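The values are calculated or read from the model by the stated rules, or taken from the named source; none is laboratory data. Predicted model, so just to flag it, every value in this text is computed and none were measured. No Cβ is skipped: glycine too gets one built from the backbone with ideal geometry, and neighbour counts run over all protein chains shown.
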Amino acid sequence: MNPKLNFAPIQAARGVAVLLVMLFHTSQMGDKYFHYNFLGVSEMGKSGAYTFFFVLTGYLMYTLYHERFGRPEAAGPFLLKRFMRIYPLYWLLMAVMVPVYFVFPSFGVGYERRFSVITESLLLWPQANAPVLPVAWSLSYVVFFYLAFALFFLLREGAAAAIFSSWFTIIVLHACGLIALKDNVLIQFLFSEVHLEFFAGMFVAYWAQRKRIPGGSLVWILAGALVYPMLWITRMTETNLHVDLLHTIGSVLILIGITNWRNAGSRILKSLVACGNASYSILLTSLAMLSITMKLARAIHLPNGLGAAGTIILCYLISVALSLAFYRVVEKPLLAWLKQVLKSREQQRSAWAEAVKR
């Protein structure tokens, strides 16, 4: 692990991002349940927080693992560690959600009960429809990035860099309209502009490893943070913006500021760090928590007393608390148990290898 990596501001930024994702979901669901466009962002579509997650993922993977490039034996442990972080908790929630769509079909659109959709959702395979757990669309990109990143272990660094450069070039040419690609789900996924966000994070990591980034951290962070509200305001009147590119620029600026952060600030950032630690649980459970709290609020006519805005804010806060509780009660113990299982198996494997040598 890179000793220069300061995880407190990284986790705090992750916490801000996941709360922002949840805030946009809250606005969309508040419009659905209470016909109130909270903060005026319910129809905006993207907050840009997912972009930050992707940029941060690219940055962390390069920073943490670049010293192991060219070592094929590192690929297996890398993928096992990454997939253990994603799939077990996700499958647990899928085991809960899939039966719900069969018992209460009105909760979904209809395709959620198809065997192919369920299977592809379980594997996080790219598909034309949204996955059974809607927020899992982002996980498909993360899983693919991990698989592609493993090439840096399996191949010589130059060969892996050549593959990534070719991939990057095709994506850019396609995004600029200079080449046309077949209208196929897998091909469109493979060369989606979303992958450029991982590339951007890797570039920041590469730069930070070799050069001292100029300027104070707060300057970079504020410059990046300003991109988001400016973009949200502009999008209310201008629809021809390249939203993903602008979100990527904002995310990169914030990330550069984080890499320059030298203050501990752990106590000040403690709440955000806690949300960052629980970001995966919040991401996976927030829609369900919001749906439950808003259904209950509507059933007891809470907007009559608090108003639509007050009710939405209360549902948001309760849902955040429930998602944090889910992390402490479910995800955290699950990860600890999985680590213990892997540790035990590794010890058994080492003991067996030692016995064979004798």
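Of these, Val194, Val243, Val185, which one is β-branched (Val, Ile, Thr), in contact with a Phe, Trp or Tyr (Cβ under 7 Å, 6 or more places away or on another chain) and touching a residue at least 40 places away in the same chain (Cβ under 8 Å)? One residue alone meets the criteria, Val194. Selection of the stretch 293-305 for residues being surrounded by 15 or more Cβ atoms within 10 Å (Cβ to Cβ) and aliphatic (A, V, I, L, M) yields Met294, Ala297, Leu302.
For the stretch 73-131, filtered to residues that are loosely packed, with under 13 Cβ neighbours inside 10 Å and among the small types (Gly, Ala, Ser), the residue that is nearest to Leu60 (Cα to Cα) is Gly76. Gly70 satisfies every condition listed in (1) within 16 Å of the chain's Cα centre (by Cα); (2) at pLDDT 90 or above except (1). Looking at this structure, is Phe168 within 20 Å of the chain's Cα centre (by Cα), of a type outside the set (D, E, K, R) and either surrounded by 13 or more Cβ atoms within 10 Å (Cβ to Cβ) or assigned to a helix (DSSP H, G or I) (or both)? For Phe168, the condition - within 20 Å of the chain's Cα centre (by Cα), of a type outside the set (D, E, K, R) and either surrounded by 13 or more Cβ atoms within 10 Å (Cβ to Cβ) or assigned to a helix (DSSP H, G or I) (or both) - is not met. The number of residues in the stretch 171-205 that are charged (D, E, K, R) and surrounded by fewer than 14 Cβ atoms within 10 Å (Cβ to Cβ) comes to 2.
So that you can scan it fast, the table gives a plain yes or no per residue for (1) in a helix (DSSP H, G or I); (2) at pLDDT 95 or above; (3) under 15 Å from Ser281 (Cα atoms):
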| residue | (1), (2), (3) |
| --- | --- |
| Ala308 | yes, no, no |
| Cys315 | yes, yes, no |
| Ala321 | yes, yes, yes |
| Phe326 | yes, yes, yes |
| Arg345 | yes, no, no |
| Gln348 | yes, no, no |
| Ala355 | yes, no, no |
